[in-house]
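See structure below.
Taken together, the values in this text are just the output of simple stated rules run on the coordinates, not laboratory data. The model shown is predicted, which means the values in this text are computed figures rather than measured ones. So basically every Cβ, Gly included, is an ideal-geometry build from the backbone, and we count neighbours across all protein chains shown.
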Ligand code: PLP
C-alpha cells in the first residue's frame, strides 16, 4: 500500500538523516547493547536514531559525525548560558580546586540561597538535585502541612519523570491520589476544587505550560486558583522550573500572583544538576531539623559545591535581571516573525510560548489548552525537526526551543529562513 504524503516525506527525511550520520548510527547500536533503546533520558530519543553530540561551544553543538548545528534547544531551558561560558568554566574550576562535596555545610549554599530567595521572592528555600525532586518535596510538604492526602495537577502538565500528566497519568508516576484539574477551564476546575476541598493538599501547575506546549495560563484561571486555594487552605504550588526564566523574578512576579510554594530547577544551578523548592516560611519551617517532628529532606548532593558555586556566579553575574529582559525580548521578536511567516504562507503552523521559550505547533487553531495541541500530527513535528537538522539547526522534536544568551538576532533570522525553506518545500503537507 502506498504511504500517505506525510509518511513518505518523513521516511525520506529519516533516510537523509541516517545517510549523513554513520558514526552516530554505529554508536547507537553500541548504546542499545547496554541501555534499553540506547537511551537513558526518554525525551532525547528520536527516530531513526538520536543525535549524539561530541562537543559544544556558545550556541553551537557538533555531533560525532562532525555535523555542526545552531543550538536552539538550549537543553530544554537549562542551557540558558550557552555552552562553555568562560565565567561558568572559571567558577566550576574554582569549585573543583577548593574541594568537591565536603559532606558538610558550607558558604556556597548560603550564598545561592540568599540570591534565589531574593530574586524569586521566597521566604525560605531548600535545594535538591532536580526539578522532579523539587516538585516531589513541595507536594510532600503540602500534604504534611495540610494533613490532607490528594493533589491536583493539571491534565497535560509536566512536573518531572514521576509527575507526568499528559495523555492520562504516566505508569511510572509517584502514586499520589490525584484529582485532575483542567488547564484554563475556570469553572470545571473551580468545581473540582470545591468538591475535593476537604482532601486536597495542593494544586500544582506551571503558570505557562513549558514542555506541555508553551500554553499560557489565563489571568482568570490563575486568579480563580489563587482565590479558591486561599479560601480553602490548599497549598498553591507554581512549578517555575522553566518559567522562572521569563522574568527577572519568575513568571509569578511578572503576573503579580504569589503562590504559597514555588519550585525551581534547570538553569538556576548554572548548568549543573539543580532543583529547589521554597516559599512560605510556615510551610518551609516543617523541615527545620531543630524542631520536634521535623520532616526529613535527604539528598547526598543537595548542597554539592559545584552547583552551589556555579549557580551563584551564573545568577549574579550572567543571567542578571537585565540579561533576562533582553533575552525574552529577543524571543518575543522571533515568535512574532515566525507567526508572521505562517500567516503569510497560510500554513497550519503556530509559534506558542512566551519570551525566550517558543514552541512551533503543526496547527493554525487557537492554542489555549493542552487539548488544542494533543491531536496535532506528530509526524509533522518529526518532519520539521529532521528538516531543521538538515539545515544545521537543532530544536526539540516536539518543536520546543529555549534561547540561550549566546543566540543572536542573526541566529533567530537564520531559523526563520530555515523554517521558510521548510514551508516552501513541504507546503502541500501544511495547508
Ligand atoms: N518541572 C518542569 C516544568 C519541567 O519542565 C521539568 C523538566 O523538564 C521538571 C519539572 C523536571 O526537572 P528535572 O528534569 O530537573 O527533574
Notebook entry, point to check: GNM, the chain, Cα, under 10 Å: largest mean-square fluctuation among 407, 43, 53?
Noted result: 43
Checklist line | Relative contact order (%) - the chain, alpha-carbon pairs under 8 angstrom, separation at least six | finding: 21
Next item on the list: Enumerate the residues in the stretch 345-377 having an amide nitrogen under 19 Å from the point lying 7 Å beyond the Cα of residue 416 toward its Cβ.
Entry: 345-361
Notebook entry, point to check: To the nearest 10 degrees, how steep is helix 22-34 against the longest Cα principal axis of the chain, on a 0 to 90 scale?
Noted result: 40
Notebook entry, point to check: Which log10 I(q)/I(0) values, to two decimals, does the chain give at q = 0.10, 0.11, 0.14 Å⁻¹ under the Debye formula with one point per Cα?
Noted result: -0.72, -0.87, -1.37
Notebook entry, point to check: Rounded to the nearest 500 deg cm²/dmol, what is the calculated helix-only ellipticity per residue at 222 nm for the chain, with -39500 (n - 2.57) per DSSP H run of length n ≥ 4?
Noted result: -13000 deg cm²/dmol
Notebook entry, point to check: Antiparallel DSSP bridges in the stretch 86-318: what percent, to the nearest 5?
Noted result: 50
Check: Given a cut-off of 11 Å, what percent of all Cα-Cα pairs of the stretch 316-360 lie beyond it?
Finding: 64
Checklist line | Relative contact order (percent, whole number), the stretch 167-220, Cα cutoff 8 Å, 6+ residue spacing | finding: 24
Margin query: Run the simple label-point estimate for residue 231 and residue 26 please: 7 Å along Cα→C-beta, distance reported in nm.
Written below: 6.7
Margin query: For a protection proxy built on the mean count of beta-carbon atoms within 10 angstrom, sort 197-204, 361-368 highest first, please.
Written below: 197-204, 361-368
Next item on the list: Quote the relative contact order of the stretch 203-356 in percent (integer), defining contacts as alpha-carbon pairs under 8 Å separated by 6+ residues.
Entry: 22
Next item on the list: Ratio to report: Rg/Rh of the stretch 86-318, with Cα atoms as the point set and Rh obtained by the Kirkwood method; give two decimals.
Entry: 0.97
Notebook entry, point to check: Can you sort 310, 347 by how many other beta carbons sit within 10 Å, fewest first?
Noted result: 347, 310
Note to self: Report the gain in length on full extension from residue 333 to residue 166: 0.36 nm times residue separation, minus Cα-Cα distance, nm rounded to one decimal.
What the structure shows: 57.2 nm
Notebook entry, point to check: Given the chain, what percent of its DSSP beta bridges are antiparallel, to the nearest 5?
Noted result: 65
Next item on the list: Please determine, in degrees from 0 to 90 and to the nearest 10, the orientation of helix 5-19 with respect to the longest principal axis defined by the Cα atoms of the chain, where the helix direction is its Cα long axis.
Entry: 90
Note to self: Once R0 is set to 22 Å, what does the formula 1/(1 + (r/R0)^6) return for the Cβ-Cβ distance between residue 368 and residue 326, expressed as a FRET efficiency to the nearest 0.05?
What the structure shows: 0.20
Margin query: What is the distance in Å between the Cα centroid of the stretch 316-334 and that of the stretch 293-314?
Written below: 26
Margin query: Considering only C-alpha atoms, what is the centroid distance from the stretch 343-385 to the stretch 221-260, in Å?
Written below: 26
Next item on the list: Would you please state which residues of the stretch 345-373 a label at residue 53 would reach in this model, taking the label point 7 Å out along Cα→Cβ and a backbone N cut-off of under 17 Å?
Entry: 357-358
Notebook entry, point to check: Computed over the Cα atoms of the stretch 97-218, what is the convex hull's projected area averaged over all directions, in nm²?
Noted result: 10.0
Margin query: To test your reading of the geometry: what angle, between 0 and 90 degrees and rounded to tens, separates the Cα axis of helix 409-430 from the longest principal axis of the chain?
Written below: 60
Checklist line | Gain in span if fully extended, residue 100 to residue 118, counting 0.36 nm per residue against the direct Cα distance | finding: 3.8 nm
